1. Zone of K233 (label point 7 Å along Cα→Cβ, backbone N under 18 Å): which residues in region 1-43?
2. Would you work out if region 490-603 is rounded, prolate or oblate? Take a ≥ b ≥ c from the square roots of the eigenvalues of the alpha-carbon gyration tensor; rounded if a/c is under 1.5, else prolate when a/b is larger than b/c, oblate otherwise.
3. Using all C-alpha to C-alpha distances in region 274-370, build P(r) with 5 Å bins and read off the rounded percent in each one.
4. Please report the projected area of region 337-377's Cα convex hull averaged over all directions, in nm².
5. From the mean inverse distance of alpha carbon pairs (Kirkwood) and the Cα radius of gyration, derive Rg over Rh for region 398-449.
6. Can you figure out the FRET efficiency of T338 with S415, using R₀ = 30 Å and their beta-carbon distance, to the nearest 0.05?
7. Kindly state, to the nearest 0.05, the FRET efficiency for V17 paired with K392, given R0 = 51 Å and r defined as their beta-carbon distance.
8. If we sort 162-173, 357-368 on the protection proxy, mean other Cβ atoms within 10 Å, highest first, what's the order?
Amino acid sequence: ACPPLRRNLRLLAPDEVELAKMLLSEGQMHLFEHWPEPGLDDVKKRGFFDQVRRLNSSYPGGLLSYIQNAKKLLADSKAGKNPYDGFTPSVPSGEVLTFGDDNFVSLEAAGVREARNAVFVLVAGGLGERLGYKGIKVALPRETTTGKCFLQHYIESILALQEASCKMVDDGCHTKIPFVIMTSDDTNALTIKLLESNSYFGMEPSQVKILKQEKVACLADNDARLALDPNDKYKIQTKPHGHGDVHSLLYSSGLLEQWKSEGRKWVLFFQDTNGLLFNAIPSALGVSAAKGYNVNSLAVPRKAKEAIGGITKLTHVDGRTMVINVEYNQLDPLLRATGHPDGDANCETGYSPYPGNINQLILELGPYTEELKKTHGAISEFVNPKYTDSTKVAFKSSTRLECMMQDYPKTLPPSAKVGFTVMDTWLAYAPVKNNPEDAAKVPKGNPYHSATSGEMAIYRASSLILRKAGAQIADPVVDTFSGQEVEVWPRITWSPRWGLTFKDVKEKVHGYSSASQRSTLVINGQNIFLEGLSLDGTLIVNAVDEAEVKVTGHVQNKGWTIQHVDYKDASEKEEIRIRGFKFEKVEQLEVNYREPGKHSLSA
Ligand code: UGB
């Protein structure tokens, strides 16, 4: 059927011949039409099949399934078929938690207890095009007071949970919580380098597993003809398939079975830049355990049009129902098509009635493993071609199939226990996704999701938690950085081992402690107790675990001031430019306790 290929068949291994036959039967002749006689470009021809093999083995069901799925989804898209046809959305009900109340505190305790049976999975294959940052996002500082990057914070949080969880059970537990990072070709080398050059931030290297997702083939037209790379006609053009790949990678890695045999129970998925997430993990895991949820999604109140999905109850005309994320670009059309003429709009509370999905999923390992044995981790996919015109005959550029990790529940039977847990945004969610220019254009009142707002959210959360624990923390001032108006709270931050749960914080803040608005406070150590500290300036306390440090008295100095930084100022580092401010470290008190025993810092 394809003479240029037939003439080159002897270059191919038997399995490659089978792949070639499959490609021809699926209408992919164009991939070979330009192939010259054997003897010319043979290395490139072999390279082409190396790539075809990789594309075939990294997709559940192989390249044949990929092409067939693409044909169907492209035909649906051309016909204007709505993936939610037959479904009516309504507002679901879930667990709504109030930070610091008795229920919250007991759920946190239950969650910490469960943590030794948990594994964590970070999806970090995205390049963050919207942020426009050149490096990997997990290497960005979570806040610039300490400069600790997101990955360090995540690892320290998991280690803190591991230790606290083992302490709660009196059975000599020495569990090491496994930590998986999904990378992609865009992020893999830099992620490994970041870990290796920082001794894995204190985690044992054997605890960390990297799973690299492969890209998928691009599609040139409605017949799902694979697109050749414009710069190399022996290469198929590829693009990312989305965070949904994490399920098939976990399945094929064999890790799920290994974890089951080790008696583990929960798999917690999370994203690359949410510096507040671990404030929400203990209580959310507590909810999963208390409710016996197979799937628990974390959510926050959502502003209409905010770029986070809406958790929605969908009821089909045939009676089926499911509680699932409807992605932000689909919620508005779905609502309009089902009798809500205002679409994705705020209700009288000032928020969308649909809770916002922050893509932190807690799955129960047993049912998850069983489900993946059936699906092999394949996740419902979508395609989003940009057509040249309304005839929908041609694409402006090649497209590809995509998938999202939160679509996992779509294949579950109605008997599955799928729930969600809503928490305050200030406590749980502050992603860094938008560059300063785009952030400044976000409608007033909606969150910026920028490096500026992401860092300020850390200080706000720390301040509010300390307030709730009884400390007097000054009100914020409002300032504008790169066109974004934000609240600037005292710059308070602590290591995860100090304040893993609200109970931990409360136990370490006694008496009358206070911080003025211009203050910066860094608490770095497990046993540091604020007992009547009055801070007006900058205080950094570092202590080894065996040291017990009481901090009292009045600390006053010139402190650290905040300087505005123009995001176009090329003399500043990119990670500073994207936040629009930096600290001028004028004066500080920094104390280090390296010896075990009781110490007191009375200023
Ligand atoms: N990611 C990968 O690991 N691989 C990929 O191929 C792509 C991404 P974005 P998005 O909570 O804030 C999601 O781009 O996809 C990783 C939810 O779909 O930051 O626009 C990437 O590294 C949405 O419902 O987000 O939106 C990152 O860690 C809402 O919950 C993660 O996937 C929103 O996140 C997310 O990628 C949110």
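What follows is calculated from the coordinates using simple rules that are stated; it is not laboratory data. All values reported here derive from a predicted model rather than from experimental measurement. For neighbour counting, all protein chains shown are included, and Cβ atoms are generated from backbone atoms with ideal geometry for every residue, glycine included.
1. Residues 2-9, 28-43 qualify, since their backbone N sits under 18 Å from the label point.
2. Numbers: a/c = 2.19, a/b = 1.86, b/c = 1.18.
In terms of gyration-tensor shape, prolate.
3. 3, 12, 18, 21, 19, 14, 9, 4, 0
4. Details: hull surface 21.2 nm².
Reported value for the Cα convex hull: 5.3 nm².
5. 1.11
6. Details: r = 26 Å, r/R0 = 0.87.
Using R0 = 30 Å, I get an efficiency of 0.70.
7. On the way: r = 36 Å, r/R0 = 0.70.
After rounding to 0.05, the efficiency reads 0.90.
8. Working: 162-173: 14.4, 357-368: 22.3.
Taking the mean over residues of other Cβ atoms within 10 Å, the ranking is 357-368, 162-173.
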